[in-house]
Every structure is written in structure tokens, then in C-alpha cells.
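The values are calculated or read from the model by the stated rules, or taken from the named source; none is laboratory data. The model shown is predicted, which means the values in this text are computed figures rather than measured ones. Backbone-built Cβ (ideal geometry, glycine too); neighbour counts: all protein chains shown.
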Amino acid sequence: MKFLVISDIHGNRDVTDWVNSVAEQEDVDYVLALGDITDFGPDRIAEEILGPVKRDVYALPGNCDPISLPETISGVAMDMHGKTADLDGFHVAGLGGSNPTIFNTPFELDEETIYRMLKPISKEGMILMVHAPPYGINDMIPSGLNVGSTSILKIVKEYRPILVLSGHIHEDYGIKHVNGTTFVNPGPAKDGMYAVVEIDNGSVSARLFTVSD
């Protein structure tokens, strides 16, 4: 099973074309979009970006998306905010938005709510797709501070996902392996960045790319 993973599109409509090109070239099964599809709305931008994608899309809202986005994108993608899916036998749990930021963005959740929403949909060995990263992993801003979610980290420790996909922190993209879990932040798709992740016989491999100019 192979995913094309994107995040932080921020309204860049050019993403659609290269996503379709990469999806065909890599022969991916699914496209996973991890939020901030728009840049503070409107909702229709997300529909225009995701609607023409020629693979099944599973998508989350980010903190810069309108609160109404999950309902809106359900017409063109599988909304994964607070929901689960079975992808080729793997349990996938999703949660959009982010833990509180200093910017008071539209789609922020307090840590208690994040934990309360993730706990009942989590399973041992799942794939976890979130917009905000877990605290301490792919969550460092340029000042050196870690700004990820403590509740997402708690879920990770309790359920030991095979794979955690997050975005949100544009600067701290990368692939990390911690205690048997692979963590991937693909970087901002608005800048042509993406990841290709493959799971084969329970083994996860991930690669990062940037679209050539």
C-alpha cells in the first residue's frame, strides 16, 4: 500500500496538477491531505484543489481552515476529522485542527478535546493522520521551541502507531523513527513538498521530495 502525503497547501491551486502527476508516476493507492488546505478559507478553495485529484483522497482540516471545512470537503474527499477508515486492512484514525497557538487561528482545539476525540478512535498499531505533530517530534519552530500537542504524544505512547503523519510546522519537515513508530512531516505542499510512504508486510518506508521547478 502506497500513499502520497501532502500538507499545508494554503490555497495553492498549482498543487492539484503535480499531485496528479506524482500519483500516477509513483502509482500510489491513496492521497492523504493533512490540513491547511485553504489559507483561512473560503471552503470552496478546498473543493477546487481536492476535487480534481485522480486518486481517493483522505483529508483533514488544519488550524488555518474554516471550522466548516470537514463537512464541505466530504463531497470531494473522505473527511477524516475525528473519524476512522480501513485502508487495506490498516486502521487509520484522523484528527484535524491544532493545539492552541499564539495566533488564535480558526481551527484550534484544547489539549483535553484533542485527547477526548482521539482516544475512542485509536487502536494499537494504527496509522495516525493529524495536522498538528506530537510534542517533541517534527514540531520545532525556528526559535527552538517545541509546539506540538502533548495529547497527541500521549496517544502515540498509549497506542504505538505504526505510522504518524503530521504537518503544521513547515520548518520541521522530515522522517523520524522513534520506538518503532515512523513519523513523517512532508513539508508544505504550497512549496512543492510531499512524501511518498509505503507499507509492505508491516514495514514502513518513507521518502521526501520537492517538485522540480
Pairs, first surrounded by 13 or more Cβ atoms within 10 Å (Cβ to Cβ) in the stretch 140-166, second among the acidic types (D, E) and modelled with pLDDT of 95 or more, C-beta under 6 Å, six or more apart: M140/D172; N146/D139; V147/D139; G148/D139; T150/E111; S151/E111; Y159/E124
Flag for T113 being within 24 Å of P66 (Cα to Cα), surrounded by fewer than 16 Cβ atoms within 10 Å (Cβ to Cβ) and either touching a helix residue (DSSP H, G or I) at 6+ places or on another chain (Cβ under 8 Å) or in contact (Cβ under 8 Å) with a residue 40 or more places away in the chain (or both): no
Test for G96: is it in contact with a His (Cβ under 9 Å, 6 or more places away or on another chain), buried (at least 18 other Cβ atoms within 10 Å of the Cβ) and under 25 Å from D79 (Cβ atoms): yes
Residue match in the stretch 142-162 (condition: of a type in the set (A, V, I, L, M, F, W, C), over 17 Å from A195 (Cα atoms) and part of a strand (DSSP E or B)): no
Selection from the stretch 126-168 of residues that are out of contact with any Gly (no Cβ under 9 Å at 6 or more places or on another chain) and of a type in the set (D, E): E158
Residue in the stretch 153-170 that is over 21 Å from D8 (Cα atoms) and either among the polar types (S, T, N, Q) or modelled with pLDDT under 95 (or both) present: no
Which numbered condition I121 misses (of (1) more than 14 Å from L165 (Cα to Cα); (2) in contact (Cβ under 8 Å) with a residue 40 or more places away in the chain; (3) not small (G, A, S)): (2)
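Mind listing just one residue for me: the one in the stretch 124-141 that is of a type in the set (V, I, T) and part of a strand (DSSP E or B) and, of those, nearest to L163 (Cα to Cα)?
Residues of the stretch 124-141 of a type in the set (V, I, T): 127, 130, 137, 141.
Filter once more, keeping what is part of a strand (DSSP E or B): 127, 130.
Details: I127: 5, V130: 11 Å.
The extreme case among them is I127.
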Every pair of residues 6+ apart whose Cβ atoms lie under 7 Å, when the first sits in the stretch 188-213 and is closer than 14 Å to Y173 by Cα while the second is small (G, A, S) and in a loop (DSSP other than H, G, I, E, B): M193/G187; L208/G187; T210/G192
Test: residue in the stretch 17-28 that is under 17 Å from V130 (Cα atoms), touching a helix residue (DSSP H, G or I) at 6+ places or on another chain (Cβ under 9 Å) and surrounded by 17 or more Cβ atoms within 10 Å (Cβ to Cβ): no
